[in-house]
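Visitor: The following block contains the structure, expressed as structure tokens.
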Amino acid sequence: MHTYLVFSIFNILIKISMEEKNIMRNGSTRKRGVKDHTVVELGNIDTQRLLLNGGGEREKQQSFLNNSLSQRQMKSLTALCDTILPSVNDFVGVSDDESVAKFYLTSASMAGTHDRVGGVISERLKHPNTGLLKLVLWLLSTWFGTIILCGMASFSTKFPFFHCYPDMSLHKRQQIMHSWSLSYFRHLRMLFRTVKLLTLLLFFTQIDESEDNPSWKAIGYCGPDPEFKAQLKNHFLHGTSKGGQEQKQDDGDAAEVAGPLYKGLVHLNYPRDITADGLRRCGFGVSVTRRKTKAVAGSLSSPSLVIQCDVVVLGSGSGGGVVAGVLAKAGYKVLVLEKGGYYARNNLSLLEGPTMDQMYLNGGFVATDDMGVFILAGSTVGGGSAINWSACIKTPEHVCKEWCDSNELELFESKLYKEAMDVVCEKMGVQSEIGDEGLNNAVLRRGCEEMGYPVNNIPRNSPPDHYCGWCCMGCKDGRKKGTSETWLVDLVKSGNGAILPGCEAIKVLHKKKKGSDRKIARGVAFEYEYNGSKDMCVVESKVTIVACGALRSPTLLKRSGLMNANIGRNLHLHPVTMAWGYFPDEPASEVWPEATKKSFEGGIMTAMSPVVAEFDKSGYGAVIQTPALHPGMFSIVMPWISGTDIKHRMRKFSRTAHIFALARDKGSGTVNSPSCISYEMEDTDEENLKKGIDKVLRILATAGAEEIGTHHSKGRTLKVKEASYNEFEKFVKEESSRPLKDLSTPLCSAHQMGSCRMGSNPKNSVVNEAGETWEMEGLYVADSSVFPSALGVNPMITVQAIAYCTAQSVLNALRRKTNR
């Protein structure tokens with residue numbers, strides 16, 4: 001009976017959720033927090049004050065999202081958050097440290113996490129099932145809704161006999177929560193995963209006014225990089241003269257503070273005339289629309305500004321940054337529009353929560369429709385190259401051959417493509433030497449060497465002594481050479497370009513080509529926020545480059561009227577699953593003496609094993625590498641069994657090494673919008689990940705881990721040194737054979753590709769070999785969305801190499817236009 005009720009109610013709830021979503025699409029958009037915008041050419045003002053103050057204001061906004069949930073919904077949400085992270089009294093013998101006692105005694109609601117979760121659900125969570133989540137929160141506040149979602153667990157022998165979820169005991173609530181994590185019903189597993197993710201991520205990343213989190217000391221985490229904090233302190237101490245007057249900065253000092261792009265940035269915060277003047281000084285033609293009333297916002301028919309240039313590039317990451325730099329250096333006027341903000345070296349926070357809010361797509365809250373895969377993507381000047389993990393692996397030979405032979409793309413075995421890979425590697429200073437290795441990579445290397453598995457150094461765009469575990473939050477000193485330290489610097493130094501952060505492209509503008517069904521791109525319309533409301537501008541250009549990433553480029557193309565059926569399809573995610581090993585820091589054993597190393601320190605990626613990669617066979621396998629996991633991300637992937645258990649696991653955070661398997665996926669998905677992504681692995685992808693996890697568990701144990709486990713919801717662990725050979729083999733076999741498609745194990749993705757793929761004809765691709773769309777002349781795509789299939793390794797070099805080749809095609813097209 002309960003099974004039938006749950007099945008029926010979820011069908012009803014899904015329909016209601018779909019109706020709510022349609023209403024939201026057709027109705028007015030939600031209100032957002034008002035941002036303090038300034039429009040100015042940074043090279044002509046006090047860049048240090050503007051950038052540092054701007055960063056502070058953005059940080060504060062993270063803490064004050066508007067919570068519009070009802071009282072009933074908040075009652076349920078508070079109970080759910082306190083079920084995930086309750087106040088725990090039974091921690092006798094764990095530690096005498098006062099911070100540890102406080103950590104165990106603090107519940108989610110005591111830390112104010114429930115209010116933050118409510119704000120995220122209200123303002124930030126853009127998922128197809130957000131409406132359903134709100135409905136479930138309301139149902140759990142009622143006795144009948146609790147019966148439907150919790151079954152007989154809501155029954156009591158005492159009056160009133162049936163209880164709503166918030167009125168149950170903690171013990172019962174935790175039993176229900178754990179049953180949801182393993183439920184037959186996928187939507188209950190989705191509910192568990194969502195509540196767990198939001199509660200743990202926000203609890204371990206929220207900060208107080210002193211930029212501290214009370215739990216960090218208890219789990220052995222230092223917060224931002226101590227060297228960076230010292231660097232900032234030194235900067236402020238020496239940034240003023242003895243009399244307290246600010247010293248005049250030369251270009252070198254300004255670049256150190258504001259970043260190397262400061263002369264080419266135009267921030268949209270000042271009145272239109274000032275913006276226009278800044279753009280004119282950069283060499284762009286600009287016209288300003290005069291209106292009778294200030295209340296009238298810009299529209300496509302009457303834009304606030306009309307900017308003329310040779311090329312407009314939408315996106316500043318590994319694709320857009322390369323194209324922009326190459327074209328500007330060749331003498332063409334290039335305007336770069338970036339949806340995200342610009343965070344200079346000394347304006348970084350290196351705090352996990354604020355960084356995700358500022359530099360990641362949708363604040364890091366992106367997942368597939370069924371919550372099967374958590375997705376991380378950059379959304380800042382520099383794109384993914386600003387927050388990635390430094391790996392610079394050239395396109396594997398077997399992939400180049402496949403794309404050339406199977407996809408009929410001769411580019412990938414051409415002299416130009418090989419030259420492109422060399423050029424981008426040289427530009428970023430790619431090298432493979434390592435000074436000292438962090439805990440995760442040292443464990444991976446040692447385990448592989450002991451097991452006889454192949455292990456290689458990973459080429460990186462940072463120097464050998466770059467021992468930094470915070471690169472996923474931006475580079476504190478510019479030694480990681482992303483596009484904001486390389487190609488975009490070329491753009492600024494050329495004097496032919498400008499970068500406009502905080503701009504969202506709405507549609508590509510076009511006209512019909514005479515005597516042809518094909519259209520011609522003539523620019524782009526973009527929105528930005530000014531004085532609390534949306535304003536619109538138009539860029540008129542000879543060529544338009546879309547480089548918004550594999551999650552956003554398809555949506556823009558569709559919104560611009562392109563009808564190619566392949567747009568948004570063939571999305572590959574490089575699904576990742578992990579295993580962990582605990583290495584106690586004391587007493588230091590003979591097996592693993594490096595007791596001072598922490599899991600969050602050191603180069604994020606320096607070692608890789610292709611032991612199950614199948615490079616020489618099918619080309620479809622899994623590579624084994626290491627992740628960057630600070631407390632928030634660590635907490636959401638670790639299994640949750642109970643509130644006490646998760647706190648015990650978090651206490652081991654700083655000495656828990658993680659290693660993952662990354663599959664070159666044959667399975668694919670569809671991008672319907674950046675917040676509506678479907679994806680399904682093929683069985684072969686799942687099997688490859690299982691083979692990878694088998695190897696990872698053996699690597700961890702052989703490297704000297706005291707305890708090992710996976711991220712499966714059952715949360716099983718093995719004390720390696722206490723286990724017999726047969727017990728170890730049984731554990732590895734059972735844990736590596738668990739299904740990965742049923743939401744019982746979290747899968748992650750940091751690489752998205754293929755949603756506007758390149759091909760030899762419009763029937764199975766979106767762009768041709770030159771990167772130009774089949775439907776629209778002068779419209780190019782230059783990001784990971786053009787990959788013909790999944791790549792199988794970290795994609796930065798491949799993205800930049802393809803973009804470099806696309807830039808050469810654009811140069812030829814521009815020269816032809818000039819010669820006409």
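Visitor: Put one equal scatterer on each alpha carbon of the stretch 733-820, apply the Debye formula with no solvent term, and list log10 I(q)/I(0) at q = 0.19, 0.25 1/Å to two decimals.
Guide: Reported log10 I(q)/I(0), two decimals: -0.87, -1.19.
Visitor: Spelling out what I want: for every residue of the stretch 123-138, take phi, set θ = phi - 60°, compute 6.51 cos²θ - 1.76 cosθ + 1.60 (Karplus), and round to whole Hz; glycine and proline get x.
Guide: Going residue by residue, I get 10, 10, 6, 10, 10, x, 9, 4, x, 5, 4, 4, 5, 4, 4, 5 Hz, with x marking Gly and Pro.
Visitor: Compute the projected area of the convex hull of the Cα atoms of the stretch 665-820, averaged over all viewing directions, and report it in nm² to one decimal place. Write out the running numbers ahead of the final one.
Guide: Values: hull surface 48.9 nm².
With every direction weighted equally, the projected area is 12.2 nm².
Visitor: So what's the projected area for the stretch 622-717, the Cα convex hull averaged over all directions, in nm²? Numbers along the way, then the final one.
Guide: Details: hull surface 29.9 nm².
Taking a quarter of the hull surface, the average projection is 7.5 nm².
Visitor: In what sequence, highest mean first, do 76-86, 754-764 appear when ranked by Cβ atoms within 10 angstrom? Mind dumping the intermediate values first?
Guide: On the way: 76-86: 24.5, 754-764: 20.2.
For the peptides 76-86, 754-764, the packing ranking is 76-86, 754-764.
Visitor: Taking only the alpha carbons of the stretch 123-211, what extent do you get along each of the three principal axes, in Å, biggest first?
Guide: 48, 31, 23
Visitor: Can you return the lysines within cross-link range of LYS507? Criterion is Cα-Cα under 24 Å, with same-chain partners fewer than 8 residues away left out.
Guide: Leaving aside lysines fewer than 8 places away in the same chain, those within reach of LYS507 are LYS21, LYS31, LYS35, LYS126, LYS333, LYS339, LYS519, LYS534, LYS542, LYS558, LYS763, LYS817.
Visitor: What is the antiparallel percent of DSSP beta bridges lying wholly in the chain, to the nearest 5?
Guide: Working: 61 of 91 bridges.
Around 65 percent of the beta bridges assigned by DSSP in the chain are antiparallel ones.
Visitor: Which residues make up the longest stretch of the chain clear of chymotrypsin sites (Phe, Trp or Tyr not before Pro) that lie in a DSSP loop with no more than 13 other Cβ atoms within 10 Å, not counting the sites? Please list the in-between numbers first.
Guide: Details: sites that count: PHE64, PHE161, TYR184.
Of all site-free stretches, the longest is 185-820.
Visitor: Using the eigenvalues of the Cα gyration tensor, what equivalent ellipsoid semi-axes result for the stretch 449-581 when each is taken as the square root of five times the eigenvalue, whole Å, largest first? The partial results should precede the final answer.
Guide: Numbers: eigenvalues 290, 107, 53 Å².
Semi-axes (√(5λ), whole Å): 38, 23, 16.
Visitor: OK, next. Could you do me a favour and compute the accessible area per residue for the chain, 1.4 Å probe, result in Å²?
Guide: Numbers: 32670 Å² over 820 residues.
Result: 40 Å² per residue.
Visitor: May I pose another question? How much length, in nm to one decimal, is gained on full extension between SER737 and ASP517, taken as 0.36 nm per residue of separation minus their Cα-Cα distance?
Guide: On the way: separation 220, 0.36 × 220 = 79.20 nm, distance 5.32 nm.
That works out to 73.9 nm of additional length.
Visitor: Quick one: order ARG445, ARG72, ARG664 from most to least accessible surface, probe 1.4 Å.
Guide: Values: ARG445 40, ARG72 115, ARG664 5 Å².
Heavy-atom accessible area, descending, gives ARG72, ARG445, ARG664.
Visitor: Determine the relative contact order of the stretch 451-526: mean sequence separation of Cα pairs under 8 Å and six or more apart, normalised by residue count, in whole percent. All intermediate terms of the calculation are to be shown ahead of the outcome.
Guide: Working: 50 pairs, mean separation 13.8, N = 76.
After rounding, I find 18 percent.
Visitor: Counting only protein heavy atoms, what percent of the accessible surface of the stretch 513-600 is carbon or sulfur at a 1.4 Å probe? Display every interim value, and only then the final one.
Guide: Values: 1700 of 3450 Å².
That fraction is 49 percent.
Visitor: May I pose another question? Pop the C-beta distance of LYS817 and GLU682 into the FRET formula with R0 = 35 Å and round what comes out to the nearest 0.05.
Guide: Details: r = 44 Å, r/R0 = 1.26.
FRET efficiency, LYS817 to GLU682: 0.20.
Visitor: Taking DSSP loops as anything outside H, G, I, E and B, show the longest stretch in the chain free of GluC sites (Glu not before Pro) there with at most 10 other beta carbons within 10 Å.
Guide: Numbers: sites that count: GLU209, GLU590.
No qualifying site falls inside 210-589, the longest such stretch.
Visitor: Sorted by accessible area (1.4 Å probe), largest first, how do SER183, SER68 line up?
Guide: On the way: SER183 20, SER68 80 Å².
Output order, biggest surface exposure first: SER68, SER183.
Visitor: Same structure again: What does the charge dipole of the chain about its Cα centre add up to, to the nearest 20 debye, if the Cβ of each Lys and Arg holds +1 and the Cβ of each Asp and Glu holds -1? Provide the component values of the computation, followed by the final result.
Guide: Values: 96 positive and 87 negative charges, 647 e Å.
Charge dipole, the chain, about its Cα centre: 3100 debye, nearest 20.
Visitor: OK, next. Just round it to a whole percent: the fraction of Cα-Cα distances in the stretch 265-347 exceeding 19 Å.
Guide: Values: 1629 of 3403 pairs.
Cα-Cα pairs in the stretch 265-347 separated by more than 19 Å: 48 percent.
Visitor: Carbon and sulfur atoms: what percent of the 1.4 Å accessible area of the stretch 297-370 do they account for? Show your work: numbers first, answer last.
Guide: Values: 740 of 1500 Å².
About 50 percent, which is the carbon plus sulfur part of the accessible surface.
Visitor: Also: Can you tell me, using C-alpha contacts under 8 Å and at least 6 residues apart, the relative contact order of the chain as a whole percent? Please report the intermediate quantities before stating the final value.
Guide: Values: 1755 pairs, mean separation 133.5, N = 820.
Relative contact order, the chain: 16 percent.
Visitor: Also, quick follow-up: Take the solvent-accessible surface of the protein heavy atoms, probe 1.4 Å, and return the percent of it on the stretch 661-820 that carbon and sulfur atoms account for. Walk me through the intermediate numbers first.
Guide: On the way: 2450 of 5440 Å².
The C+S portion of the solvent-accessible surface of the stretch 661-820 is 45 percent.
Visitor: Then there is this: For the chain, just say rounded, prolate or oblate: build the C-alpha gyration tensor, square-root its eigenvalues into a ≥ b ≥ c, call rounded for a/c under 1.5, and beyond that prolate if a/b exceeds b/c, oblate if not. Numbers along the way, then the final one.
Guide: Working: a/c = 1.44, a/b = 1.34, b/c = 1.08.
It comes out rounded by the Cα gyration axes.
Visitor: Still on this model: Among the lysines, which fall within straight-line cross-link reach of LYS721, defined as a Cα-Cα distance under 21 Å, with same-chain neighbours fewer than 8 residues apart omitted?
Guide: Partners found: LYS652, LYS695, LYS730, LYS733.
Visitor: Straight-line reach from LYS415: which lysines have a Cα under 17 Å away, not including same-chain ones fewer than 8 places off?
Guide: Counting by Cα, and skipping residues close in sequence, LYS415 has these lysines nearby: LYS394, LYS401.
The values are calculated or read from the model by the stated rules, or taken from the named source; none is laboratory data. This one's a predicted model, so the numbers in the text were calculated from it and none came from an experiment. Positions of Cβ are generated from backbone atoms using ideal geometry, with glycine treated the same way; all protein chains shown enter the neighbour counts. All accessible areas refer to the heavy atoms of the entire protein, side chains included, with ligands and DNA or RNA removed. Shrake-Rupley method; radii C 1.70, N 1.55, O 1.52, S 1.80 Å.
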